[in-house]
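Right, one structure below, let's go through it.
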Amino acid sequence: MDWLKQNPFLGGLTAVTAVLVAATGYFLWGAIGNYNAASATFTESKGALESLRAMKPFPNAENAEKAQTELEAARQTLAAIAKSVEITPVETTPIAFQDDLRKAANELKAAAEAAHVQLEENFFLGFNEYLAQPPPEAAAPKLALQLQSIQKIVSILIDERVEKIGPIVREPLSNNAKKTGGTNAAPEFALAPFNVNFTANQTAFHRAFNRILDITPPVFIRLVSIENSAQTSPSKTVEAVPAEQTESATKGDSLNKPIFGRETLKINLGLASIAAAGTRSEHK
């Protein structure tokens with residue numbers, strides 16, 4: 001103690017040195033712990049990687065052969081469809097397509113209003129992106145073909161008095177149309193997928209769906225999703241009709257409400273129109 005009193009500077013330096021040594025030891029201990037943890041994680045990951053490398057890849061040769069067979073069958077089916085489908089190509093320009101789109105949208109809006117069918121807000125048959133600017137010149141004929149199909153479908157829905165139409169969601173057109181066979185095959189065949197959502201009662205849905213299957217050029221069904229407004233089955237019991245109402249019932253007044261068929265359906269139709277196929281002159 002006397003030495004510390006006689007040499008306060010050295011005493012202070014000794015205390016600071018002790019604190020630094022302790023801090024260094026603490027951080028060194030923490031660094032060693034972090035290193036050990038990282039080393040253990042690395043060892044575990046390395047083991048998992050080596051285990052994955054040692055495994056045989058999936059699918060095996062048998063499954064790969066089956067997948068190739070299914071792919072070839074799908075190609076043959078597509079080639080057969082391409083040969084059997086004939087369409088009249090649409091000669092149009094980007095500006096002309098815009099004009100046709102506005103005309104179709106306005107006509108359908110007027111028809112829907114007259115039939116008391118609700119359309120989605122900003123209804124333009126799923127082509128809203130082309131209102132402000134025209135499509136690329138190469139895409140305009142394919143878009144015009146798809147517009148014809150969607151216009152016919154919406155017209156059918158309005159004619160069958162569905163409750164609401166929309167949204168209509170189009171997928172970007174594919175540019176991968178290819179030859180589908182030999183020299184006599186159609187030069188190209190491509191589909192343009194889109195989804196039509198609408199709300200309707202069961203009768204309107206059934207009638208509209210059957211008519212959609214018959215439109216020309218044909219559309220292909222990819223998905224049919226139906227959500228029923230009634231999540232549970234209706235009661236199988238019917239309330240008795242009061243005796244005093246029997247006379248009016250015999251005069252034609254229906255007093256017993258139907259048990260089935262009154263639900264509202266929300267439908268999502270996943271469809272695909274033809275974006276490109278053989279022309280009529282090539283098949284004659």
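Bear in mind these aren't lab numbers, they're just calculated from the coordinates by the rules spelled out. This is a predicted model, so every value here is computed, not measured. Neighbour counts run over all protein chains shown; Cβ positions are idealised from the backbone, glycine included.
Treat each spin label as a single point 7 Å out from the Cα along the C-beta direction, and report the Arg222 to Ala115 distance in nm.
2.4
Quickly rank 205-212, 138-145 as a protection proxy: mean count of other C-beta atoms within 10 Å, highest first.
Details: 205-212: 17.1, 138-145: 19.4.
Per-residue Cβ counts within 10 Å, averaged per peptide and sorted highest first, yield 138-145, 205-212.
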